[in-house]
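Okay, so here's the structure we're looking at.
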């Protein structure tokens, strides 16, 4: 066979092979997702964002993170709708009110799945990742009662403050706290009061409560601002000792615990609230999991219980010292490494962990 004939035969063989296998497959473009918070700049919210960005890095996702700086629900909705119009394939968002339900459901009906985190509305056709809110409030209230000597011995005024009255998750926390305090006959509840949702206004609101009630025995906040504000308030008023209790494990809050200015803060596993919604959207969009997200549901992020003397983590996570927790609270890479067992466990198996949405309020 001549050289020309051999080349012709080889070309034919290559052509037949290409015809049999089809055209070369182009590299698959990354999934594009949106991640929207109800407020940017808050240290606790940033911990949630860190979890979402860790998931995006692990899964090769193009993630757009956004949110209003002023906590405006209208601004947040506009950002969500802008992401939907831009062609994202899914959106994870907090939902700070029922006014968002109808427009979010319109986005879902258009074929863009949504997962809620941190704040929810049960009217949205989307699952929710967050704490078991009412029980969380019970736990916090009971911790304060125990610090006051137990239900039979506890007596005096206990102030309760809510920075976002009307938000379902916070209302549930409040209900749980009040339910727990009601078990101690000697406790008189002050409030619940609106303690505002900016750092400056939050401190001023708590200061006003202390000024009006200099005999206060404990103050319980329901938001991420409160422990830091209450700790600063205690440091400024050492002659009026009171028990400070609240939520979230920001570096600022943990510092107040460490310095002895505040007693307890409950975490709601912000890493999971950020990571899991991205994993859920990824798994459904890629077909790795056959779940209809529009059917809703609830995955418990778990409650972390922290004082200066002890750290209790959910889901059998490795034991942490207070100083280790303080370190990872401001270290996204450290948090990513610590939560690997959570990623390998309930996050990877999230479809089997889905509960009815009603369980969130238990």
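All of the numbers you see were taken from the coordinates with simple rules; none came from a lab. What you see is a predicted model, and the numbers here were worked out from it, not measured in a lab. Quick reminder, even Gly has a Cβ in these numbers, built from the backbone with ideal geometry, and neighbours come from all protein chains shown.
Points to keep in mind about this one:
- Stretchable slack from residue 199 to residue 322, in nm (0.36 nm times residue separation minus alpha-carbon distance): 41.8 nm
- Segment residue 307-residue 362, extension gain: residue separation times 0.36 nm, minus the distance between their alpha carbons: 17.4 nm
- Packing-based order for 37-47, 167-177, using average beta carbon neighbours within 10 Å, highest first: 167-177, 37-47
- Note on residue 355/residue 215: beta-carbon distance plugged into 1/(1 + (r/R0)^6) with R0 of 35 Å gives a FRET efficiency of 0.25.
- The modelled label-to-label distance between residue 182 and residue 207, using points 7 Å beyond Cα along the C-beta direction, is 3.5 nm.
- DSSP-defined beta bridges in the range 216-329 - what % are antiparallel, rounded to 5: 50 percent
- Bridge orientation summary for the chain: considering DSSP beta bridges with both residues in this region, about 15 percent are antiparallel.
- The relative contact order of the range 158-291 comes to 21 percent, based on Cα pairs under 8 Å that sit 6 or more residues apart.
- One Cα centroid belongs to the range 45-82, the other to the range 137-200; the line between them spans 31 Å.
- Segment residue 32-residue 286, length gained on full extension (0.36 nm per residue, minus Cα span): 90.3 nm
- Computed helical MRE - 222 nm, the chain, DSSP H runs ≥ 4 contributing -39500 (n - 2.57), nearest 500: -13500 deg cm²/dmol
- The range 133-267 shape via C-alpha gyration tensor axes, a/c threshold 1.5: rounded
- Of all DSSP beta bridges in the range 133-267, antiparallel share, percent nearest 5: 0 percent
- Ranked by the mean number of other Cβ atoms within 10 Å per residue, highest first, peptides 213-221, 52-60 order as 213-221, 52-60.
- Once the mean of 1/r is taken over each pair of separate Cα atoms and inverted, the chain shows a Kirkwood hydrodynamic radius of 21.9 Å.
- Remark: relative contact order (the chain) = 18 percent; criterion is Cα-Cα distance under 8 angstrom and separation of 6 or more residues.
- For the pair residue 62 and residue 239, a Förster radius of 51 Å applied to the C-beta separation gives a FRET efficiency near 0.40, rounded to the nearest 0.05.
- Gyration tensor verdict on the range 237-362 (Cα atoms; rounded if a/c is under 1.5, prolate if a/b is larger than b/c, oblate otherwise): prolate
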